[in-house]
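So the structure is just underneath, and the comments pick up after that.
The values are calculated or read from the model by the stated rules, or taken from the named source; none is laboratory data. Note that the coordinates shown come from a computational prediction; the quantities given were computed from them, not determined experimentally. Cβ coordinates were reconstructed from backbone atoms using ideal geometry, including for glycine residues, and neighbour counts include every protein chain displayed. These area figures cover heavy atoms from the full protein model, side chains too; ligands, DNA and RNA do not enter into them. Shrake-Rupley method; radii C 1.70, N 1.55, O 1.52, S 1.80 Å.
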Amino acid sequence: MALDTKLCTFTGRMVIVGFGSIGQGVLPLLLRHLDGLTSDRITIVTAEERGREEAEEYGVAFHNNPLNNDNFFQILKPLLDKGDFLVNLSVDVSSIALFEFCHRIGAFYIDTCTEPWAGGYTDSSLSPSLRSNYALREAALARRADFAGGPTAVLTHGANPGLVSHFVKQALLNIAADTGVETEIPTDRDGWGRLAARLGVKTIHVAERDTQVSNQPKQIGEFVNTWSIDGFVGEGCQPAELGWGTHEKQLPEDGRRHEFGCDAAIYLMRPGASTKVRTWTPLEGPFHGFLITHSEAISISDYFTVREGDRVVYRPTCHYAYHPCDDAVKSVHELAGKNWAIQASQRLMMHEIVSGMDELGVLLMGHEKGAYWYGSRLTIEEARELCPYNNATSMQVTSTVLGGIVWALENPNRGVVEPDEVDFRRVLEIATPYLGEVVGAYGDWTPLQDRGLLFPEDTDESDPWQFKNFRVV
């Protein structure tokens, strides 16, 4: 796909809620690729002044007017009607409230994360189970039946969650081809689950290493990151969550099951930003990543579940394994030391980045060839050449937001959908030109590699793909 290709026609109005790094980065992509969309038909509604200059450069209306449960309808209703599109890239604004609003008026909807209203992630009056992504996902999907056949609302469709679900499907097809397993491209979730089971995939990591470096070192009392700081801190303070596979022998001592919903995932009685796991990417090799909760850990495990009657016979373990840029690691360490009270100063790394890349992919393990990573290697230099107001991390998100918007417009009456239910080939076709080098690589790494050399460790030698072997204790 050429970078000036018009992907589809959209002549309605568009409202972008939230205008941080992702909003600023996706705006030029929307104007570039949606035929009929002009600056005068876009309105930005956000909760801060950041981004006003970028909006003015494109001639887009900019309103610093924070949304809450009392005012969102009054603010948004004059700006949207049937056939228009709400692009929710905010934090602290209820995703469910916004997509219910869109269904009511007949507008399209997309977001990159299922958000609660402000304070929902850290509301101590709620149990850890009820402030989890699992609970947010269950609450969102509970609306699915009522919204069936209505305007398409694409939930959690950024890089991860979002793009990584499409990577998993392509990775499964690649493994099948490389191991001599003949298969057609599955057409439903049962078919995809049976393919994953047939290949022997036990564990799926969203394995990401961000090596972007700034010429401005992190200062004491400052949180630095390459994407939304509020978003990262919010999900980092939620319980660590992971899809729980059928091959797992025992629940972690601090692991808990939910008492409602699909039962595809568990949570740990500790925040994700203080939970580390072993993982691997081709360029970085082995490393420790944070087990940050993301909805793809739940949706992927749920989507690839195979049932015989009421009995679950196959499900992979799935979770995020994230090593952010080094300054963000320092920021998380300082945040934890302050008992999760966020630093007074925050800085989103963008123009000051001088080198590095985001290596983001999915690591499928347990099959005949051991471990297979498939994903994007995008450098800061490539991101800047591809589209203004992006770094390597945001570009992987914004290109997938674009893909989700195009798919929604091409499939206008699908109601509420998750990334796993979106056409992976169409989204990859749109996003790939913006993802740098998209590669697959096999490795002989397991989480047992070089273990127990200095001190004895409690590992399960009989099955390297047990979660207890991945977890850092």
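Table for the structure above
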{"read-out": "For Arg377, solvent-accessible area (1.4 Å; no DNA, RNA or ligand), Å²", "value": "30"}
{"read-out": "Two-decimal ratio, the chain, of alpha-carbon radius of gyration to 2.2 N^0.38 Å", "value": "0.92"}
{"read-out": "20 °C / 1.002 mPa s Stokes-Einstein diffusion coefficient of the stretch 89-139, Kirkwood radius on C-alpha pairs, µm²/s", "value": "184"}
{"read-out": "Cα gyration tensor, the stretch 37-124 - rounded (a/c under 1.5), prolate or oblate", "value": "oblate"}
{"read-out": "Accessible area (Å², 1.4 Å probe, nearest 10) - Glu56", "value": "120"}
{"read-out": "Longest to shortest principal axis, alpha-carbon extents of the stretch 1-87, angstrom", "value": "43, 29, 18"}
{"read-out": "Helix 95-105 axis, angle to the chain major axis (alpha carbon atoms, nearest 10°)", "value": "50"}
{"read-out": "His33, His247, reordered so the largest accessible area comes first (probe 1.4 Å)", "value": "His247, His33"}
{"read-out": "Per residue convex hull volume, Cα atoms of the stretch 8-47, in Å³", "value": "57"}
{"read-out": "Nearest-ten-degree value, helix 189-199 long axis tilted from longest Cα axis of the chain", "value": "30"}
{"read-out": "DSSP beta bridge pairing in the chain, given as percent antiparallel to the nearest 5", "value": "60"}
{"read-out": "List Leu251, Leu348, Leu67, Leu435, ordered by accessible area with a 1.4 Å probe, largest first", "value": "Leu251, Leu348, Leu67, Leu435"}
{"read-out": "Taking N as its residue count, the alpha carbon Rg of the stretch 290-389 over 2.2 N^0.38 Å", "value": "1.46"}
{"read-out": "Share of carbon and sulfur in the accessible heavy-atom surface of the chain [1.4 Å probe, %]", "value": "48"}
{"read-out": "Spatially proximal lysines relative to Lys249 (Cα-Cα < 16 Å; intrachain offsets below 8 disregarded)", "value": "Lys202, Lys468"}
{"read-out": "Area of Lys77 that stays accessible when all protein chains are in place (1.4 Å probe, Å², to 10)", "value": "70"}
{"read-out": "Protein-only accessible surface order, largest first, of Glu115, Glu457 at 1.4 Å", "value": "Glu457, Glu115"}
{"read-out": "23 Å tail of the calculated P(r), the stretch 137-252, as % of Cα pairs", "value": "54"}
{"read-out": "Binned Cα-Cα distance frequencies in the stretch 162-220 - 5 Å width, integer %", "value": "4, 14, 24, 18, 10, 6, 6, 5, 5, 6, 2, 0"}
{"read-out": "Heavy-atom accessible area per residue - the stretch 345-432, 1.4 Å, Å²", "value": "29"}
{"read-out": "Nearest 10 degrees, 0 to 90: helix 392-410 Cα axis against the chain principal axis", "value": "70"}
{"read-out": "Residues in the stretch 79-109 reached by a label modelled at Asn71 [backbone nitrogen below 16 Å; 7 Å Cα→Cβ]", "value": "79, 91-94"}
